[in-house]
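Coordinate-derived values only; no laboratory data. Because the structure is a prediction, the values reported are computed rather than measured. In this analysis, Cβ positions are derived from the backbone assuming ideal geometry, glycine residues included, and neighbour counts consider all displayed protein chains.
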Amino acid sequence: MYEKPPIFIDLFCGCGGFSLGLKRAGFNGLAAIDFNHEAVEVFKANFRDIPHVLEKDLTTFAPTDLAALIGTNRVDLIVGGPPCQGFSTARQVDGANHGERLKEDPRRHLYKEFLRYVEHFQPKVFIMENVLGIRSASGGRYFTKVQAEARKLGYRVHAQVEECVKLGVPQKRRRQLFVGTREDLPGSFPSEAQAAG
């Protein structure tokens, strides 16, 4: 008898890059949320089999609201990419994302909404994606906070950089991933040398 495919929800889903990869890997999408109308419409057109695709603001749409809608308080995986403009190196030119001239940008705090869903649904694994600028913004404060706050929720956290072109994506982008594994589950993140050996 076959096991059921793992279930995921996609937060800050955009038009569905994360969901596309997960679907190709055999995962089942249960819900996806973004506040951008155009992105949600594209997502719906591309993923007709994901039953709950919602145009919602995650700062006001609570995890309990989603749980009531999808009929469960547990999923296997949560993925998402909170808006990255608040950490983009492109905005360092005017000081908006750099050094003493760092300007307040509420988007830098949206990782908290992602972790609020992680806390409620207690997935086995979460993956959060952002730009590399999160490593240096405000002296690395946000890079550290994401990991520290996830660890308080009971997750081992591994931060790694992925180069899109090495993953078969025709882009030169490099992205920061935060991968969390629930502490009650086995798990490790081998180095590249170990993985190659």
Report the full-extension gain for the segment ALA25 to THR64: residue separation times 0.36 nm, less the Cα-Cα distance, to one decimal in nm.
-> 11.2 nm
Would you mind putting 13-25, 48-60 in packing order, based on average other-beta-carbon counts within 10 Å, highest first?
-> 13-25, 48-60
Return VAL161, VAL125, VAL79 ranked ascending by Cβ neighbour count within 10 Å, so the fewest neighbours appear first.
-> VAL161, VAL125, VAL79
Peptide ranges 67-73, 126-132 listed from the most packed, as the mean C-beta count within 10 angstrom indicates | 126-132, 67-73
Entries of LYS124/LYS172; LYS23/LYS145; LYS23/LYS166; LYS4/LYS152; LYS112/LYS172; LYS4/LYS124 with Cα pairs more than 22 Å apart = LYS124/LYS172; LYS23/LYS145; LYS4/LYS152; LYS112/LYS172
Quick one: which residues, 5 or more positions from VAL53 or on another chain, have an amide H under 5 Å from its amide H? H modelled 1.01 Å from N in the peptide plane, none for Pro or chain starts.
-> ALA32
Extension gain, LYS112 back to PHE35 (0.36 nm per residue minus Cα-Cα distance, nm) | 26.1 nm
For labels at GLN171 and ALA159 in the simple 7 Å Cα→Cβ model, what's the distance in nm?
-> 2.1 nm
